[in-house]
1. For residue 11, which of the numbered conditions (1) within 21 Å of residue 134 (Cα to Cα); (2) at pLDDT 90 or above fails to hold?
2. With respect to the numbered conditions (1) outside any helix (DSSP H, G or I); (2) closer than 18 Å to residue 7 by Cβ, which one is the sole condition not fulfilled by residue 35?
3. Name the residues in segment 101-152 that are farther than 29 Å from residue 8 by Cβ and in contact with a strand residue (DSSP E or B) (Cβ under 7 Å, 6 or more places away or on another chain), would you?
């Protein structure tokens, strides 16, 4: 995958296509790293971070309703499809004041397991504990309600 890929979405269907493409690329890369595959999602409130993760979850075969973990911080989903990953973790660091709060919630155990696929919203709120091999999705929007994705 190139260092950065830019995509534009005009609706949730196109966002789902972008999410599927991104997921397929990061799963096929098969880069050797220790621990979980971590993806940070950044963007303003309402930019589409949770919508992006919902599309990822559907593509991974998750039937449960996927909603923002803003108040519970972490949600864990079992992955039924055969593959390298057994669990999808969806985290939201929006309300966290610092990295220590995430560490108290088991962050170390989550990211040290290579069977975990981790998507964290608002990674900029906890930058010191995001692994160096993490991938990133930056989402912005305009007054026409288009979504702009920078995938890295």
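1. (1)
2. Tallying (1) outside any helix (DSSP H, G or I); (2) closer than 18 Å to residue 7 by Cβ, residue 35 fails exactly one: (2).
3. 105, 110, 111, 115, 116
Yes/no per residue for (1) at pLDDT below 95; (2) more than 12 Å from residue 119 (Cβ to Cβ); (3) out of contact with any helix residue (DSSP H, G or I) (no Cβ under 8 Å at 6 or more places or on another chain):
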{"site": "35", "(1), (2), (3)": "yes, yes, no"}
{"site": "39", "(1), (2), (3)": "no, no, no"}
{"site": "45", "(1), (2), (3)": "yes, yes, yes"}
{"site": "60", "(1), (2), (3)": "yes, no, no"}
{"site": "68", "(1), (2), (3)": "yes, no, no"}
{"site": "72", "(1), (2), (3)": "yes, yes, yes"}
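The values are calculated or read from the model by the stated rules, or taken from the named source; none is laboratory data. It should be emphasised that the depicted structure is a prediction, and the values quoted were computed from it without experimental measurement. Glycine also receives a Cβ, built like all others from the backbone with ideal geometry; neighbour counts cover every protein chain displayed.
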